[in-house]
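Let me begin by presenting the structure, written as structure tokens, before commenting on it.
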There are 4 protein chains.
Amino acid sequence: MNTLGHLLRLTTFGESHGPAVGGVLDGFPAGFKPDFEKVNLWNARRRPGSTSLGTRREEADVPEFLSGLQDGLTNGAPLAFLLRNTDQRPQDYAGLRHKFRPSHADFTYFKKYGLMPAPGGGRASARETAVRVTAGALALQWLAAKGVGIRAWTEQIGAIRWTAGDNWPEEEAIYATESRCPDPHSDEAMRHLVQALREKGDSIGGTVRCVVTGLPPGLGEPVYGKLTALLAMALWSINAVKGLDFGAGFEAVDHTGSALNDLFETDGLKVVTRTNHSGGIQGGISNGMPLVFRVLFKPPSTLARPQETLDLSGQKTTIEGRGRHDPCVVPRAVPVVVATTALVLMDAWLMHQARYPEFFYPQSPAFPHATG
Amino acid sequence: MNTLGHLLRLTTFGESHGPAVGGVLDGFPAGFKPDFEKVNLWNARRRPGSTSLGTRREEADVPEFLSGLQDGLTNGAPLAFLLRNTDQRPQDYAGLRHKFRPSHADFTYFKKYGLMPAPGGGRASARETAVRVTAGALALQWLAAKGVGIRAWTEQIGAIRWTAGDNWPEEEAIYATESRCPDPHSDEAMRHLVQALREKGDSIGGTVRCVVTGLPPGLGEPVYGKLTALLAMALWSINAVKGLDFGAGFEAVDHTGSALNDLFETDGLKVVTRTNHSGGIQGGISNGMPLVFRVLFKPPSTLARPQETLDLSGQKTTIEGRGRHDPCVVPRAVPVVVATTALVLMDAWLMHQARYPEFFYPQSPAFPHATG
Amino acid sequence: MNTLGHLLRLTTFGESHGPAVGGVLDGFPAGFKPDFEKVNLWNARRRPGSTSLGTRREEADVPEFLSGLQDGLTNGAPLAFLLRNTDQRPQDYAGLRHKFRPSHADFTYFKKYGLMPAPGGGRASARETAVRVTAGALALQWLAAKGVGIRAWTEQIGAIRWTAGDNWPEEEAIYATESRCPDPHSDEAMRHLVQALREKGDSIGGTVRCVVTGLPPGLGEPVYGKLTALLAMALWSINAVKGLDFGAGFEAVDHTGSALNDLFETDGLKVVTRTNHSGGIQGGISNGMPLVFRVLFKPPSTLARPQETLDLSGQKTTIEGRGRHDPCVVPRAVPVVVATTALVLMDAWLMHQARYPEFFYPQSPAFPHATG
Amino acid sequence: MNTLGHLLRLTTFGESHGPAVGGVLDGFPAGFKPDFEKVNLWNARRRPGSTSLGTRREEADVPEFLSGLQDGLTNGAPLAFLLRNTDQRPQDYAGLRHKFRPSHADFTYFKKYGLMPAPGGGRASARETAVRVTAGALALQWLAAKGVGIRAWTEQIGAIRWTAGDNWPEEEAIYATESRCPDPHSDEAMRHLVQALREKGDSIGGTVRCVVTGLPPGLGEPVYGKLTALLAMALWSINAVKGLDFGAGFEAVDHTGSALNDLFETDGLKVVTRTNHSGGIQGGISNGMPLVFRVLFKPPSTLARPQETLDLSGQKTTIEGRGRHDPCVVPRAVPVVVATTALVLMDAWLMHQARYPEFFYPQSPAFPHATG
């Protein structure tokens, strides 16, 4: 289960403190010319050290592509790539290998696989998300060529929340701040909060808001491959995710149907809805309105303060993080949400196109859903 | 994409107003003796008419099994079953077939498939959940034989919320109320709220809380088949689901890591955690503590009041529901959440057992994760 | 593993002597108008009693469709259908339930599932092929609308062989004979052979030749989804199949590369090959030439004569078939090969179309493989 | 579709003349200690230059493992590995890039992907089989620890055939000859034949026989995942495969059922069959007898002599191979057949174990199929 997707399939491998992490992206159509500068840009936005709020581990994170390219074009064969691990410090984990770190995957990996994870979490490390960002950056370009844009930003860290309303921020504004919250005041408050917690050896969570524009209606495969379901599965595979809602979400739990229904109208060219409480999806299928969802990330479990725990023999002990961990993963999770969303949407696009190519090629003999 | 699962696979079919809905449950181990009374009980809890808060459609919903059984035992072949649709009233939908019902799947199905859904929503109808409940009732029995129990109840309808704390209600208490909220005061308030909205032709949503006890550590297949991810995908395929969180969830967004970390300790027999903010899952794998999550359902979109919309030709029109729809789906969603969870957990169990059978057969030659 | 296919997925269920067999065909594109007369015709060609060479069991085998249709058109939802079992004679199997029939699946099912199969083979019965023929008849029509034709016929029964050379027979000629071998002299010899073996209580195998015309180049997904591999998997799931070869096959094992290479030339319109020893596939992808392969069927294992065997307790015993079994399955296997091939090819078509829709919609912006 | 398997999944990547080929083997159980010397030995048996009958390309083919190992044990995470391409000679292909090599994948890749394959065949090159051998060598060790042995050898090259009867050769005898045919006389004849064809610039095919001993009954997942079907799909993904038969196969096409039925008897300990015409599989499930099958390989299509063909513009031209190609792939295919078979059988084992762990852990509470 280290493979994500159906027609666009990403298989990932590698552990935080092995020689490399990497991936194999299978099913990417031939004849596409990737812009590797942009792939590197996305990796730079995610990599450790990219924001002062995160870990101080330094990784260059420039992927090496091993296959699937010919004269700069994808050739239909699987795209394999490596990201070398260069800044490993196993000494940060010395003495920890026989202790279960609280709320980490040590205990569950031990129970599942019969082995303690390697230092730094092994396969459970968020280092896997670098692979996802690399592959997602390719999917993002493919979608962009179709007119689809994906933006995500930090909406909340701790109690500090900024809501964009309908003025979704531009990518430049998002990545101009350390917190990836495009509002300067909120950014400042978030930075102060994280800094204060870092000093106390504590940590904090938050939410990422994601908006997708330009998506055609029709994506998603009911009933078990609803677009919401596909996104939910993929997003929930990101480390530290604990919640997800679409559109109006949990906060509208006390709103009535008459308040939440999105009425259809026409903008002169096509059918739109007056409001978008549905978040762009009805019946599990995109409706052509912006896709809107929110992802909850828990606080990192590694704390720079002593915590009680057990060791492998079941004896009580204490543990204290010494690694270069994030007091808050939310800013670095922003590009991971974008990349994961891109992988799912491109896959959903290919699945829809498999059966309804005329939707995308409307100059072909008329078909009702090819119009408007 | 009408198939759910990996080793236990449910394929469903059928539309709300066709002759029948049904399913094929493949991969169920041979030699199990299902209790069909219990299957019927779960269907009775879900079926239309089971609670006064829901639709008044009447369906007996007693499944007819066509295969996979021999002398009352499963025989390893796929279990196929039908649920006949008996109380169809297409006249309720007369005149609606050319209008897009707001926030329904009419528009998206039309854009995807080029055809308006059949009256009542066709494949998009929640009638599909009857199939899921039938199959899930079998998985539930298989899990019960392993000591796993799944309980779900209504936690919130509109603004009325009841939280169980650590005293999770018994199944009898849950199904003794119309709202499926086991607290009598909350139940009464919920019933009044729904009744008031029914009279206004309006509708309301809410949340279902689900708790799973007795689950062994080790279930879930990182990184893309994390137990959270598998559950998220399956739960999001239920009609009207708009949100999900595990453990402490969205409400703990402003809590720090030191407040949320679950410290390990021993109960004398095995490793437990002092708190369960993780909701029983760490690193995507069950940790042996109760699995706890919450599912958000939106208000039904069909309103017994006029709403503006468009017809197929793009002309403005109005629409008013006349079917026997639910003003609130939450009570009937409770058994659907249980059934869906059972299907996912049994599938995850088989996946874990495929590679680590000694985990479940600890009398076999010693293996580190077979202990404790 | 009762599901075949990737984007067009057939899930089958049912046992020979239960109430019904049936299937769920998922992924069939919406908006297609099936000709159910043709579906019935294919079932008639396969059903017991369709040829005097086969079993004398009588089944009407007219499928009942339960879902996936709207106003006579496919609607994108799964197509479910039942074939009722009407002519069961469990008395034919009385006294056999504790004996392992030689070369049948009794022993292996018992070892795998812990239960003896139901009378008549249960899930292992060739009755499953009726489901495949029903679904395949729909795929066949879809392919026919694209210009693809699939023909299969009996090439050999026992030592009697007829080779078509390049004059592939028409469907009418094939189904005009009892043996499904279109050559009258060979048909007569085959009938006499089978009749003689029937009188001796013995049985015989043979081969089916299949030719597909009109297939575009490009189908098949290297490296593990080569068109040969997809066909091989599907064909080998047919009961009694023991061999398969493509193109020149086993008989050309002593031919050199210079004799077997298919040289490219042009027929004025498109690229063709001078010979077709490759059988229409190179590198696992269709090359636009006719697809040609041969399937080997073993003799039926049920003999109307005593055979030594063991019973469940391991004691020696004898067994003698009394059912209405085929002395030769080859004639009835002919439509099963056609149907299975149709399901695979339509699936491969959708998979190719998913990534290269412009191949099928060449009026779209030019792309090298969209031409010629 | 560059992934093979269900619970043990091999994803491969890389092209003949890129920097590396490699694979990701997912689902291998944790806690297994691979012997990497044996992995290297299998690669040595397959690698170019391993036998004088094959290509003279030289590749060291020692895989570099990047993940999935911890202290020499598998840790449950995916095993990724690379095989660097070191002996590339693109000059051998100079001037060929615009010509379709007859019976190669150039034309079909061009039609499918819109691009000519890279020199040497790109993804269509048999270099992919090195990845399969590496992964298969791990599966082979896992199976060996369960008592399963897989042997394959050259049975036929051109018209020269040696049949082992029931005295299956030992691995040492097989790899002691250049032809991988353990019979010295046949080996000599085969070498002379290949040498003579090499001098003429021609090529030849043949067959590989494979026998698996020690396999328990019960493997295979009817009806579409029959063990035969799983093996057929995997074997047919090997380059140049054109035929496959199990047990008595095509040569017994004129034998009657009474001659081919395998009668059950007991060897005092367990149920066996007197003969093994079924090749160890009945009803698609292993029966505990040796698995026996034969794979047909066509002659290599690259000839060191001029052949007519077309170029990309459709003009007639000639082509002549200058690379270091094999006049016969059969000897080098022998370890590829072994490795592919090992991957399928380990996957089938895990699938069976998923549902019937007690089969493999018979000391657990009694279950009928756990005995005998």
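The values are calculated or read from the model by the stated rules, or taken from the named source; none is laboratory data. Model, not experiment: these values are computed from the prediction. Here Cβ is always computed from backbone atoms with ideal geometry, including for glycine, and neighbour counts include all displayed protein chains. Side chains included, ligands, DNA and RNA excluded: accessible areas come from the protein's heavy atoms. Shrake-Rupley method; radii C 1.70, N 1.55, O 1.52, S 1.80 Å.
Here is how the numbers come out for the structure above:
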item: Answer residue from the range D:287-297, given it is more than 7 Å from every other protein chain (Cβ to nearest Cβ) and assigned to a strand (DSSP E or B) and is farthest from C:HIS104 (Cα to Cα) among those; result: D:PHE297
item: Every pair of residues 6+ apart whose Cβ atoms lie under 6 Å, when the first sits in the range D:119-138 and is assigned to a loop (DSSP other than H, G, I, E, B) while the second is modelled with pLDDT of 90 or more; result: D:ALA126/D:ASN239; D:ARG127/D:VAL21
item: Verdict on A:THR3 being closer than 30 Å to D:LYS111 by Cβ, open to solvent by less than 10 Å² (accessible area, probe 1.4 Å) and modelled with pLDDT of 95 or more; result: no
item: Residues (open to solvent by 20 Å² or more (accessible area, probe 1.4 Å) and more than 25 Å from A:ARG127 (Cα to Cα)) located in the range A:293-310; result: A:GLU308
item: Restricting the range B:63-82 to residues that are over 17 Å from B:ALA139 (Cβ atoms) and not in a loop (DSSP other than H, G, I, E, B), the residue that is modelled with the lowest pLDDT; result: B:GLN70
item: Complete set of residues in the range B:311-331 that are under 30 Å from B:ILE150 (Cβ atoms) and open to solvent by 30 Å² or more (accessible area, probe 1.4 Å); result: B:ARG324, B:HIS325, B:VAL329
item: Subset of the range B:139-164 (residues that are under 15 Å from the mean Cα position of the chain (by Cα) and part of a helix (DSSP H, G or I)); result: B:ALA139, B:LEU140
item: Spans of helices (runs of 4 or more DSSP H) in the range B:165-281 with at least 2 residues open to solvent by 30 Å² or more (accessible area, probe 1.4 Å) and either of a type outside the set (Phe, Trp, Tyr) or within 7 Å of another protein chain (Cβ to nearest Cβ) (or both); result: B:171-175, B:184-200, B:257-260
item: Qualifying residues in the range C:102-125 (those that are open to solvent by 20 Å² or more (accessible area, probe 1.4 Å), facing chain D (nearest Cβ under 9 Å) and out of contact with any Gly (no Cβ under 6 Å at 6 or more places or on another chain)) - the one farthest from B:ALA80 (Cα to Cα); result: C:HIS104
item: Counted residues, the range B:15-72 - those being under 21 Å from the mean Cα position of the chain (by Cα) and among the aromatic types (Phe, Trp, Tyr); result: 3
item: Evaluation of B:LEU115 against (1) part of a loop (DSSP other than H, G, I, E, B); (2) among the hydrophobic types (A, V, I, L, M, F, W, C); (3) touching a Lys or Arg at 6+ places or on another chain (Cβ under 7 Å) (one fails), failing number; result: (3)
item: Among the candidates D:PHE28, D:PHE13, residue that is open to solvent by less than 30 Å² (accessible area, probe 1.4 Å), at pLDDT 95 or above and more than 14 Å from chain C (Cβ to nearest Cβ); result: D:PHE28
item: Number of the condition not met by D:GLU308 [criteria: (1) modelled with pLDDT of 95 or more; (2) within 7 Å of another protein chain (Cβ to nearest Cβ); (3) in a strand (DSSP E or B)]; result: (1)
